[in-house]
Amino acid sequence: VEFWLIWIAVDLVGVPLLWRTIEAVRAVADDIVVVVAPGSEPELPADVRVAYDPATGQGPLVGVLAGLEAVRHDSVIVVGGDMPWLRPEVLRLMLATLDEAAGAIALEVDAQAQQLPLVVRRDAALEATRRLTGSGERRLGALLDALQVTTIAEVDWRAIDPEADTVRDVDTLEDLGSRSL
């Protein structure tokens with residue numbers, strides 16, 4: 001299983017959220033690729049590989065394409081670098097749910113497929129992402145529209161993660177709330 005994520009540089013108490021995200025999925029991943037902006041040289045754990053976005057500000061789908069081109073495994077976990085509370089047990093459930101019929105596995109929240117975390121079949125996702133970005137598409141949601149997505153019912157994954165930590169990200173300091181890292 002490959003793991004890669006979009007890098008977001010946020011430090012909290014001297015520890016990048018990205019590192020917390022990496023540690024949260026390390027139990028599930030055997031290869032980690034972090035997609036970064038062109039020219040970035042982030043400090044990362046020694047076993048983490050870097051893939052570069054081809055241009056700054058092109059949108060998340062372009063970053064997904066850079067990551068998919070760098071990975072080597074058929075099953076790929078896509079997460080954001082600002083998701084420090086990911087639950088490995090939920091990611092394992094997503095991987096176990098991926099079968100030959102599905103191009104992607106997403107978590108359901110309020111009857112909607114969430115964009116992240118996402119588990120995809122590399123070849124199907126790579127083909128769809130190349131086609132989408134080639135036509136000018138930049139939204140991550142377009143990838144879900146293009147793939148055969150199987151969702152895991154909220155009641156099922158929430159049995160493992162009752163606080164829904166796996167779908168929480170940190171865009172502002174307020175997003176941290178009272179949660180500890």
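No lab work stands behind these numbers, since they all come straight from the coordinates. These numbers come from a predicted model, not from an experiment. Please note: Cβ atoms are built from the backbone with ideal geometry, for glycine as well, and neighbour counts cover all protein chains shown.
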Checklist outcome for this item: Taking placed amide H atoms and a strict 5 Å upper bound, the residues 5 or more places from Val50 or on another chain that come that close are Val34
Checklist entry - How do 113-123, 29-39 rank on mean C-beta neighbours within 10 Å, highest first? => result 113-123, 29-39
Checklist entry - Hey, what's the Cα Rg ratio for the chain versus the globular rule of thumb, 2.2 N^0.38 Å? => result 0.96
Checklist outcome for this item: Taking GluC sites (Glu not before Pro) in a DSSP loop with at most 16 other Cβ atoms within 10 angstrom as exposed, one finds the longest site-free stretch of the chain at 101-162
Checklist entry - Which residues' amide hydrogens lie under 5 Å from the amide hydrogen of Val78, considering only partners 5 or more residues apart or on another chain, with H built in the peptide plane? => result Leu118, Val119, Val120
Checklist entry - Under 20 Å from a point 7 Å along the Cα-to-Cβ line of Ala27: which residues of the range 87-109 have their amide N that close? => result 87-98, 107
Checklist outcome for this item: Residue by residue through the range 37-52, the couplings from Karplus 6.51 cos²θ - 1.76 cosθ + 1.60 with θ = phi - 60°, in Hz, x for Gly and Pro, are 5, x, x, 6, 10, x, 7, 10, x, 4, 8, 9, 8, 10, 10, 10
